Amino acid sequence: MYDSIRPPVVSRLQRVRAPFLALAALASLSSAALPAGLGAQDYVSLLPPMEWRPIGPDRGGRSIAVAGHAERPFEYYFGATGGGLFKTTDGGTTWMPVTDGQVGSASVGAVAMAPSNPDIVYIGMGEVQLRANVLQGDGVYRSDDAGKSWRHLGLADTHAIGRIRIHPTDPDRAYVAALGHPFGPNPERGVFRTADGGKTWAKVLFRDERTGAVDLVMDPSDPDVLYATLWQVYRKPWRLWSGGEGSGIFKSTDGGDTWTELTRNPGLPAGVLGKITVAVSGTDPDRVWANLEAEQGGLYRSDDGGRTWEFVNGHRDIWQRAFYFQRLVADPVDRNTLYILNFRLMRSTDGGRTLESVPETHVDHHDLWIDPANPLRMVNGNDGGGVVTVNGGRTWTSMRYPTAQIYRLATTADFPYHVCGAQQDNTTVCVSSEWAHLRDPASPSAEWMYPVGGGESGYIAPHPADPDIFYAGATNTLTRYDRETGAAADIQPWPRIVMGEPARDMPERWNWTYPIAVSPLAPHALHVGSQHLWRSVDEGESWAKISPDLTRAEPETLDDSGGPIVKDQDGPEIYGTLYSIGLSPHEPETIWTGSDDGLVHVSRDGGGNWRDVTPPDMPPHTRVMTVEVSPHHPAGAHVAGIRYEMDDRAPYAWKTDDYGRSWTRIGDGIPDGAFVRVIREDPERAGLLYAGTEHGVFASFDGGSSWSDLSLRLPDTPVTGISVEERDLVISTHGRSFWVLDDIETLRQLRADVATADAHLFSPADAVRRSIPAVIDFRVSAPEAHVRLDILTGEGEPVRTLVDETVRGGTHRIRWDLRYPGAVTFPGIVLEGGNPALGPWAPPGRYLAQLTVHGTTREEAFDVRRDPRLGNVPAAAFTDQFHLAMAIGDAESRANESVILARDLLARIDAIIADIEDDALREEATAFAAGIEAVAGELYQLRNQSPKDKIAFPIKLNDRLTGLRSHLERGDGTPADAYEAVFNELSAELDEHLRTLQRMLSDDLSRLNRRLESAGLPRVDVGTARD
C-alpha cells in the first residue's frame, strides 16, 4: 500500500554510457515557458514513485542475433530488435532481459560469448538485415559478469553491426563487422579489431563510405584465418539498392593485419554482386561456402580455402530477399552439413546440393549457433525470437516473452480497457490492461489475447460507438471485424491487389502501414488513405474518394525498388502515400492528413476543399507519423515526423493554433537520435504533451517549449504509439510489446508551487470499486516530518488511517484498496472462509483524503465509482451490502477477540496450575480452563495448525462468519435474503457463546480467584470480551 519515497530522478538517457547519450544528458532544456526557477526535468522530479508496467503480449518478435557456449548447456542469449538482449539459464524455458537501463539503443545486431570465458559477452547494436524499418545502434558493449552489467566500448557511429567474433583463447581480442549507416555514407564501417578488450579499435578492412562489412567468420581451427564480406547497399524511404563495386569476399591469414580479396577468384560469378554471406567448415578448414546475391546467385563452395569455387545450388529458396536473410552456418562436426537461413530454416547434408526444411517455430530465420561439441544443441533467432533445440531441430522451445514489435496503438472502450496493435510478422493483437482480467482457461499459457483482423503491419481502429467493431489493415487488406460474433469481412475501398510492381504503376498507392481512422463524432465516418483520402459512412459497404493526391508524388520516388540485381517491391517501399489522418473531436468536417514524403493538408469542409499547410521548415521527405487535433482547441494540432531514412535522426515536431496557417517547431529539448514517432496532448490538461520517440517517452508541461524525460525505468525501446486513457498513459513499442504508466493524475497537477510548499496533497483521481484503487500522492518539503493520512467519508466520518508515522521528505504515493478496516484477527489463524483482515468494500460515493503535516490539515475529495459494467445495479444495493458486511465483520471481530481473550486466559491459568498444591483447587482450575477452552473451541477450530487442517477438523463459528462475508462480497448486488437469515442464525449462536463466556468470567472466574487468593496464589486477571 505504501510506496517508498521517490529517489532523485535520473533520466534513463543519462544513465547509459553511450557517447550520443552523454551529449543528451548535458543538453539544457529550455525553460522559457516554465515558471522562473523550475526547469523542465524538475517537474518530473516532483513525481511520486512511478514505473511503467508491462502488459504483454508475451509473444516474441524478431531476433537476428543469438549465442550459446559449449561449457554452459542451459545458457543462451538472443538479441531482440527493439528490445535489448535476453538471456536464459534454464535451456530456453524462461528468458529475462539483461541490458535494460544499461545500453543506449534497442536493437542487438550481434552477440558473442568468449569461448575461453563464458562470462565475457560482447554485443553489437543495430540491424544489418535491412528491411525498411531497421533500428540503428550505438556501437559495442561488453559484459564481464555474464550479462549482469555492461560497459560501452565505442564504435557508436557504426549504427549497424552484424557480426562479432572473439579469439578462442584471448577474450580481449575480438573482431566486429560493421555495416555503417544504412541510409547514408559514413566512414565508421568495415571490419574493426581490438586487442585490449575494446579500449581501442583498429579499422582493418575498409572499402569506402558506402560499403560496409556484413558477415565475418573465423576458421575454427585457426583464429588467424578470417573471412569477411563487404556489402554496398543503401536505403531511402522509397528504395532499396543492394549491390555494386564495393561488394566482395575477403580473407586474412594473419589475424586481420592484411586481407586478400577473393571476389573474382575462379568459379565466382561475374557482374554486379550484392549481399554475400560466408561459412567455414568446422572440420575442414579448406571448405568454405558463400551465399551470393548476383545475377547467377546462390550457394558457392570452395574446397581450397577460397582460391577456387564451384556453383553448388541456385535455388531461390537459398538467396531470396537477400537483404533480409541469407546467412550460412556450417555444422561443426560434419563437413557436408550446412544450414541456410532464409524464409525457411534449411539444412543440407551433401555439401549444399540438396536441401531439407528443419521444423521451426516461426518463419524468417536470421541467426543460428551450434554447439561445437554437440551439433544437436542449437539456438535459432527468427522473426519470433530466440528458440533452443537439443535434438537437432526436431523440437524447439517456446517464444513466450514480451518482445513484440508493435506498429500502431489503439485502446478500446472496454472496462478495463484493452490495448491493441499490429505485431510485425504476426497478427493483430489485443490484451487487457489489467493482468487479472479475462484469462482464457483453454489456452496453453496464462496470457490472454485476441486478434481483430487485419495483419502484421496495419492500423487498428476500434469503432468509437460499438466496442465490438474493429477496422484493421495490412498489405492488400482492410477488414471489419465483429468481436462478438467473430465475423470478418474485407472492405477495401479499391481491392486491386498489388505486389512486385513500382508505385508509379499503382492506381492507388497503399503504404505498408496505411492510415485508418474513425471519426469520434457521429456518424463515425471511416477514413483510410492511399495517396487519396477515402471515406465510408456505412462501415465500409461503400466508399467515396474525397481528396486529390495529397502527396508530392515525385517521379523519382515512385520508381522501381531493389536492384541492380533483384527488385524488392513490397508495401514498405510504396511511397508517395498518406501516412497519417487526424480527425477533429470538435468539428466533424475538419480533417487533417500527413504524407510519407512530407506534406500536411487540412480540409474544413469534409474533403470538399484542401489546403496545403505543411510547416515551412519541414524538410522534404519527412514522414509525417501523426497529426493530432488538440482535444482542447479546434484550431490546434500537433505533428510528429521522422527522417531517419534520410540519414537524419533529429527530432521533428510542430504545433499550430490556427489550422496550420502558422507553425512552431517544438522538438527542442528532445536529444538528437530520439526522433519523434508520435505526439499526444493530455485531454485533461491543455499544453501537457507526450512524445513517443526512438528512445522512450518525453513530456512537455508548456506546450512543447521544453521537454522532460518521462521514460523513468522503461527499457530503451522505440515508442510507436501513445494513448491517454482516463488515468493512465499507454504506449506501444517496437520491440517490447505494450506498457502502461498507471495513475498519471498527479502528473497533470505538477506546478511550480508544489516544489516550494511545506506540504502538498495532490487531488486523487476517482477510483472504481473492486477494480481501481484510490491513489493518493503527497509531498513533504522538510527532510522528515510526521504525517497522518486518513480517508473520510464525504460527510467527514472516519474510514481508515493509511499513514501515521514520520516520513522522509519528497513525494510519496499511497494506495487505498477501497476497503474499510478488516476484522480483528490473531496469529496462526487457519480458516476456510477467507481472510478476516480484509475489510468490507467501500460503497460508491464521495470520499476525502485528509493529510495532516505539522498540525496543518489539507483535504482533497474524490469519488469511488461503481464498475461501469454494473449500470443495472441499484444504488441501494451497494449500501445494503456494505452495511451487512460491516455487521458481519463486527461479529467476526467479537468472535476473534473472544478467542484471543480465551487464549490469554488459558496461558495464565496453565502457569498458575503448576504452582497449585491443593488437589481440589487444582481440579477446579483445570475444570475452569476446560470450560473456557470449550467455548473458544466453538468459536474457532483450535486444532487447526496447517492450511489443510480445515479438511480434517470441522470449521467453527468465526470461520462461518468470515465465509459468509467473503461470499456476500464476491459480487455487487442486493444481498439475497438467505445472507441476512444465515447472519441472524450465526449471530444468535455467537451471542449464546459470548453469554456463556461472560458468565464464566463473572461467576466462575471470580470464585476461582477468591480461592487462589486464599491459597496465597496470584489472581487470574484478564480483560472482558465484547458482548
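Summary of computed values
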{"item": "First in region 807-819 and on the phi > 0 side of the Ramachandran plot, second anywhere and aliphatic (A, V, I, L, M), Cβ under 8 Å, 6 or more apart", "result": "810/5; 810/780; 818/767; 818/774; 818/842; 818/864"}
{"item": "Neighbours by Cβ (under 6 Å, 6+ apart or cross-chain): first from region 981-1004, in contact (Cβ under 8 Å) with a residue 24 or more places away in the chain; second among the aromatic types (Phe, Trp, Tyr)", "result": "1004/928"}
{"item": "Filter result (farther than 13 Å from residue 213 by Cβ, of a type in the set (Lys, Arg) and either touching a residue at least 60 places away in the same chain (Cβ under 8 Å) or in contact with a helix residue (DSSP H, G or I) (Cβ under 6 Å, 6 or more places away or on another chain) (or both)) within region 135-172", "result": "151"}
{"item": "Criterion: over 37 Å from the mean Cα position of the chain (by Cα) and without any contact (Cβ under 8 Å) to a residue 40 or more places away in the chain - qualifying residue of 295, 310, 245", "result": "245"}
{"item": "Qualifying residue in region 489-505 (condition: within 23 Å of residue 402 (Cβ to Cβ) and β-branched (Val, Ile, Thr))", "result": "no"}
{"item": "Only one of 758, 766, 742, 777 that is on the phi < 0 side of the Ramachandran plot and outside the structural domain of residue 845 (by TED's automatic domain parsing)", "result": "742"}
{"item": "Residue check for residue 421: outside any loop (DSSP other than H, G, I, E, B), crowded, with 23+ Cβ neighbours inside 10 Å and at pLDDT 95 or above", "result": "yes"}
{"item": "Leading residue by the ranking (nearest to residue 104 (Cα to Cα)) among those in region 660-676 that are buried (at least 23 other Cβ atoms within 10 Å of the Cβ) and in contact with a Pro (Cβ under 7 Å, 6 or more places away or on another chain)", "result": "674"}
{"item": "Selected residue (criterion: nearest to the chain's Cα centre (by Cα)) from residues of region 614-625 that are closer than 21 Å to residue 658 by Cβ and surrounded by fewer than 20 Cβ atoms within 10 Å (Cβ to Cβ)", "result": "617"}
{"item": "Output for region 942-971, where each listed residue is among the charged types (D, E, K, R), in a loop (DSSP other than H, G, I, E, B), more than 17 Å from residue 889 (Cα to Cα) and in contact (Cβ under 8 Å) with a residue 24 or more places away in the chain", "result": "none"}
{"item": "Single unsatisfied condition, residue 693 versus (1) on the phi < 0 side of the Ramachandran plot; (2) crowded, with 24+ Cβ neighbours inside 10 Å; (3) in contact with a Leu (Cβ under 7 Å, 6 or more places away or on another chain)", "result": "(3)"}
{"item": "Lone qualifier among 216, 240 - being crowded, with 19+ Cβ neighbours inside 10 Å and over 30 Å from residue 579 (Cβ atoms)", "result": "216"}
{"item": "Odd one out for residue 849, checked against (1) touching a residue at least 60 places away in the same chain (Cβ under 8 Å); (2) farther than 27 Å from residue 987 by Cα; (3) surrounded by fewer than 16 Cβ atoms within 10 Å (Cβ to Cβ)", "result": "(3)"}
{"item": "Region 187-200: number of residues that are touching a residue at least 60 places away in the same chain (Cβ under 8 Å) and of a type outside the set (Lys, Arg)", "result": "2"}
{"item": "Residues satisfying the stated conditions in region 638-697, i.e. in a strand (DSSP E or B) and of a type in the set (Lys, Arg)", "result": "643, 649, 655, 665, 677, 680"}
{"item": "Odd one out for residue 975 among (1) touching a helix residue (DSSP H, G or I) at 6+ places or on another chain (Cβ under 6 Å); (2) assigned to a helix (DSSP H, G or I); (3) under 19 Å from residue 823 (Cβ atoms); (4) not basic (Lys, Arg)", "result": "(2)"}
{"item": "Test result for residue 736, among the basic types (Lys, Arg) and under 20 Å from residue 383 (Cα atoms)", "result": "yes"}
{"item": "Selection within region 378-434 - under 15 Å from the mean Cα position of the chain (by Cα) and among the acidic types (Asp, Glu)", "result": "434"}
{"item": "Scope region 893-923; condition in a helix (DSSP H, G or I) and in contact with a Lys or Arg (Cβ under 7 Å, 6 or more places away or on another chain); matching residues", "result": "894, 897, 913, 921"}
{"item": "Qualifying residue in region 602-614 (condition: of a type in the set (Lys, Arg) and free of Cβ contacts under 8 Å to residues at least 60 places away in the same chain)", "result": "yes"}
{"item": "Residue, nearest to residue 382 (Cα to Cα), within region 111-142, restricted to residues that are among the hydroxyl-bearing types (Ser, Thr, Tyr) and surrounded by 21 or more Cβ atoms within 10 Å (Cβ to Cβ)", "result": "122"}
{"item": "Given (1) aliphatic (A, V, I, L, M); (2) assigned by TED's automatic domain parsing to the domain that holds residue 263; (3) part of a loop (DSSP other than H, G, I, E, B), index of the condition residue 413 fails", "result": "(2)"}
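Yes/no matrix, rows are residues, columns are (1) of a type outside the set (Ser, Thr, Tyr); (2) touching a strand residue (DSSP E or B) at 6+ places or on another chain (Cβ under 6 Å); (3) not assigned by TED's automatic domain parsing to the domain that holds residue 248:
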site	(1), (2), (3)
284	yes, no, no
302	no, yes, no
306	yes, yes, no
317	yes, no, no
330	yes, yes, no
346	yes, yes, no
350	yes, no, no
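The values are calculated or read from the model by the stated rules, or taken from the named source; none is laboratory data. Just so we're clear, the structure is a prediction, and the values are computed from it rather than from any experiment. Here Cβ is always computed from backbone atoms with ideal geometry, including for glycine, and neighbour counts include all displayed protein chains.
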